[in-house]
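Everything on this sheet refers to the single structure shown next.
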Amino acid sequence: MRIDVLTIFPDMFAPLEHSIIGRARANELLDVRITDIRPFSKRKHKNTDDYPYGGGAGMLMLAQPIADAIRAVAPEPYPGKRIYMSPRGQLLTQNLVRDLSREPALLLLCGHYEGIDQRVVDRYIDLEISIGDYVVTGGELPAMVLIDAVARLREGVLGSDQSAADESHGAGGLLEYPHYTRPQVFEGMKVPDVLINGDHARIAAWRREQSLRVTAERRPDLLKTADLTDKEREIWL
Ligand code: 4G0
């Protein structure tokens, strides 16, 4: 999969050279290309921002450098999705991540200040995405969140045990049960006995119950759409 990123802060993407994503890129499972928007500016001093028409606080990113950068890295017809990271976008969920992970290419546009000139969005953007209902100083961190979430669903990016874990063995829309590893006692706290005894049916039942309990406590909204048996619906809904 190819992912192009357009940004005025290309150095912010250094984390993508490390860890799982770094390895996926080294193994050519992922082709991430970061493009600096600033060299495309035709203003003096390569400025990329200006004041908003109609007044108001803050600055906006200019249309011209962004449009020229998009045309340079993503000539039409574009084979994938051109995405603007924005607090007014569609909320990023695991379902949307899954759909995006099946695209051959993504272009991620990162805005700064109060955002970008709307005409770029209207002409060149397929989809606006938000990683959550909060504002950060630029689209770069949201873009990295999206890249990481998408990349880990691509074939070969995670270890083989993890890859199966995601959807098939996944808790069907419930939160995860608690996990424990060695030692058996840590600062006086014991690992639950059921996990030590090796009765796999009891372990599965305990984990299911824990998932249901924590979901009911923290995210009752998820219970409504989770994959529950009739008996579970009776108890937990
Ligand atoms: C566009 C995305 C981009 C408009 C980007 C800010 C949060 C997210 C930006 C603004 C971002 C998110 C109107 C301040 C850059 N912050 N939730 N910051 N405004 O995905």
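Amide H contacts of Leu127 (H built 1.01 Å from N, in plane; Pro and chain starts excluded): Arg82, Tyr84 sit under 5 Å, all sequence-distant by 5 or more or on other chains. Residue-normalised convex hull volume from the C-alpha trace of region 124-237: 202 Å³ per residue. Spacing of the modelled spin labels on Asp230 and Met189, each 7 Å from Cα toward Cβ, amounts to 3.9 nm.
Rounded to the nearest whole Å³, what is the per residue volume of the convex hull around the Cα atoms of region 32-149?
Dividing the Cα hull volume of region 32-149 by its residue count gives 109 Å³.
Inter-part distance, region 1-22 to region 26-84, computed on C-alpha centroids, equals 15 Å. Once divided by 2.2 N^0.38 Å, the Cα radius of gyration of region 109-149 becomes 1.17. Between Glu114 and Ala205, full extension at 0.36 nm per residue minus the direct alpha carbon distance yields a gain of 27.8 nm. What the Kirkwood sum gives for region 80-148 is a hydrodynamic radius of 12.1 Å, with every pair of different alpha carbons counted. DSSP beta bridges confined to region 1-125 are antiparallel in about 10 percent of cases. In terms of packing, defined here as the mean over residues of other Cβ atoms within 10 angstrom, the peptides 219-227, 30-38, 18-26 line up highest first as 30-38, 18-26, 219-227.
Couplings for region 31-43, taken from phi via the Karplus curve 6.51 cos²θ - 1.76 cosθ + 1.60 with θ = phi - 60°, read 10, 9, 10, 9, 10, 7, 6, 4, x, 7, 5, 9, 6 Hz in order; Gly and Pro are left as x. Residues Arg71, Arg123, Arg208, Arg182, sorted by accessible area with the largest first, give Arg182, Arg123, Arg71, Arg208 [1.4 Å probe; ligands and nucleic acids excluded]. For Asp4, the residues 5 or more places off, or on other chains, whose built amide H falls under 5 Å of its own are Arg33, Leu106, Leu107, Leu108. Whole-Hz Karplus values for region 104-109 come out as x, 8, 10, 10, 10, 9 Hz, taken residue by residue from phi with 6.51 cos²θ - 1.76 cosθ + 1.60 and θ = phi - 60°; glycine and proline positions read x.
Within region 195-237, all pairs of alpha-carbon atoms sorted by distance into 5 Å bins from zero give the percentages 5, 22, 28, 21, 12, 10, 2.
Within a straight-line Cα-Cα reach of under 20 Å, Lys42 cannot be paired with any lysines, leaving aside sequence neighbours fewer than 8 residues apart in one chain.
Fully extended, how many nm does the chain gain between Arg23 and Glu103 (0.36 nm per residue separation, minus their Cα-Cα distance)? Extending this stretch completely gives an extra 26.8 nm. The accessible surface of region 91-237, taken with every protein chain in place and a 1.4 Å probe, is 50 percent carbon and sulfur. Both radii are taken from the alpha-carbon atoms of region 48-106; with Rh as the Kirkwood radius, Rg/Rh is 1.07.
When the alpha carbon coordinates of region 1-90 are projected onto the principal axes, the ranges are 48, 32, 30 Å, largest first. If amide H atoms are built 1.01 Å from N in the plane of the peptide, which residues on other chains or at least 5 residues away come under 5 Å of the amide H of Asp49? Sorted by chain and number, the residues that satisfy this are Leu62.
For the chain, the orientation-averaged shadow of the C-alpha convex hull comes to 17.8 nm² (one quarter of the hull surface). For the residues Phe13, Phe40, Phe186, a 1.4 Å probe over the protein chains yields an accessible-area ranking, largest first, of Phe186, Phe40, Phe13.
The values are calculated or read from the model by the stated rules, or taken from the named source; none is laboratory data. These numbers were taken from a predicted model, which means no experiment stands behind them. No Cβ is skipped: glycine too gets one built from the backbone with ideal geometry, and neighbour counts run over all protein chains shown. Note: areas computed on protein heavy atoms with side chains; ligands, DNA, RNA excluded. Shrake-Rupley method; radii C 1.70, N 1.55, O 1.52, S 1.80 Å.
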